[in-house]
Amino acid sequence: MSLADPALLALGLVVAAALALAAIAVARRRAAALAAAGVAPGGSGRSRRRGRLGGMWFTIAGVAILAIAVGGPAASVPVSHAAGTVILAMDVSGSMSATDVAPSRLAAAKQAALSFIDAQPDSVDIGVVAFQQGGLEVALPTADHTIASAAVRRLAAGGGTSLGDAIIASLAAITRKTVTIAPGGGAPDIGYWIVLFSDGQDEPAAAGGGTAGGTGADPRAAVAATVAEKAGVHIDTVGVGTIAGTTVDVDGYHLYTALDVSTLTAISQATGGAYHPASDASELNGIASSIDLRLTVTRQPLPLAGAFIALALALLAAGAVLTVVRTGRVV
């Protein structure tokens, strides 16, 4: 227990101690006077004297408790709350226009992201990164969640995907400075969260003619996940799409696209995060509650003055009642 003003406590205890000493001195003088007068210790006045002494000691105890209250006592208690910085990394590549998740992968992901933002307390700063090849930063992390929501609503599909660049762009948004993959994979200690909405496919932006398709996992994604893990950044991945997949038209090209669960799972596991499937509207609607940002436990002071004041008033009231009942007098 801590005290906001120990000096007031000391002063109050001195007053209570002085009252106690005075009460003892008065009781002794009264007992000596009765003895000198030849009055026996018992008798009809004994109950009245006990009542008076009991009421007095209750009153002194109440004053002592009030002394503790004015000292501003507080207890340090652990309090759990969500806090920190979260980057919503949104895949806006051409494959996210696929309609195997109604009304489209991107539209469904945007709705899930908005629900996630609405569910977070003000203690969580939220930023948004829309990623195509190279990554496109949309909104820096801020406690003003309306900025993140507006950024999500502006997103539109188009271009290719690089999951590795998406992670690096998200790390840059967290640190607010350029983050690159060094030869040794080193990065600063960051300690925050990225929630990545994607179908998991790495495909180049369509160019020229013909049919475009997924090109397989980007090795930069694994390297970027390792960088994030070393920097203390956890990545939760949300797989938007279906394993069966579908075909979409991107810039005049036919692109077959399907959910790549293995890539997204590998990224989340490498960073201590979790993979969340979202192959239909019901699963996407539950994303906001299923993503656990891990509660941060901090110790905060809990004021105790009110409790001590209540106890002091109870003691003072008991002292007054006892005095009145036993002696018929208030003091």
Looking across the range 120-147 at residues that are within 18 Å of Val240 (Cβ to Cβ) and modelled with pLDDT of 85 or more, the single one that is nearest to the chain's Cα centre (by Cα) is Val128
Of the residues in the range 67-88, those that are modelled with pLDDT of 80 or more and either closer than 16 Å to Ala320 by Cα or not in a helix (DSSP H, G or I) (or both) number 9
Original post:
For the range 173-183, does any single residue satisfy the condition of being modelled with pLDDT of 85 or more, closer than 26 Å to Ala139 by Cβ and surrounded by 15 or more Cβ atoms within 10 Å (Cβ to Cβ)?
Top reply: no
Exactly one of Val223, Val195, Val250, Val233 is in the same structural domain as Val128 (by TED's automatic domain parsing), surrounded by 14 or more Cβ atoms within 10 Å (Cβ to Cβ), modelled with pLDDT of 75 or more and farther than 18 Å from Leu88 by Cα, and that one is Val223
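Would you confirm, using the coordinates I've provided, whether Thr242 is of a type in the set (Val, Ile, Thr) and assigned to a loop (DSSP other than H, G, I, E, B)? Step through it out loud before you land on a result.
Details: of a type in the set (Val, Ile, Thr): yes; assigned to a loop (DSSP other than H, G, I, E, B): yes.
Considered against the rule, which asks whether it is of a type in the set (Val, Ile, Thr) and assigned to a loop (DSSP other than H, G, I, E, B), Thr242 comes out as yes.
The values are calculated or read from the model by the stated rules, or taken from the named source; none is laboratory data. Bear in mind the structure is a predicted one, so any value in this text is a computation, not a measurement. Backbone-built Cβ (ideal geometry, glycine too); neighbour counts: all protein chains shown.
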